[in-house]
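Written out below as structure tokens is the structure these notes cover.
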Amino acid sequence: MAYVIAEPCSGTKDTACVDACPVDCIHPRNDEGEICRVPQLYIDAANCICCAACVPVCPVSAIFAEEDLPEKWEHFAQVNADWSFQN
């Protein structure tokens, strides 16, 4: 199972997780134009290696293993997947 970025990231978009990711699966990065147009950051599950390097650096505790997503944020697994599919 991959990691998922949930609601606490909305409006925050702190990119510490982007820098911590060893496989560049969190987007958009600061150097990508989309950063201004999206409400949050997203994890590409197809490239996520489940290393959890992103989890401790997230200042708003928005990153969860998919199976550990709080029920109220379970739909964010699909939100992340939809973004990855479109990009």
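Computed from the coordinates by the stated procedures, all read-outs in this text should not be read as laboratory data. All values reported here derive from a predicted model rather than from experimental measurement. Don't worry about glycine lacking a Cβ; one is built from the backbone with ideal geometry, like all the others, and counts go over all protein chains shown.
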| task | Being touching a residue at least 24 places away in the same chain (Cβ under 8 Å) and part of a loop (DSSP other than H, G, I, E, B) is the filter; apply it to the stretch 57-76 and report the residue that is surrounded by the most Cβ atoms within 10 Å (Cβ to Cβ). | result | Ala62
| message | Looking for something more than 22 Å from His75 (Cβ to Cβ), part of a loop (DSSP other than H, G, I, E, B) and among the hydrophobic types (A, V, I, L, M, F, W, C) - is there at least one such residue anywhere in the stretch 24-45? | response | no
| If you go through the stretch 41-55 one residue at a time, do you hit one that is farther than 10 Å from Ala2 by Cα, surrounded by fewer than 11 Cβ atoms within 10 Å (Cβ to Cβ) and of a type outside the set (S, T, N, Q)? | no
| said: Residues that are without any contact (Cβ under 8 Å) to a residue 24 or more places away in the chain, within 19 Å of Gln86 (Cα to Cα) and among the polar types (S, T, N, Q): does the stretch 30-37 have at least one? | reply: yes
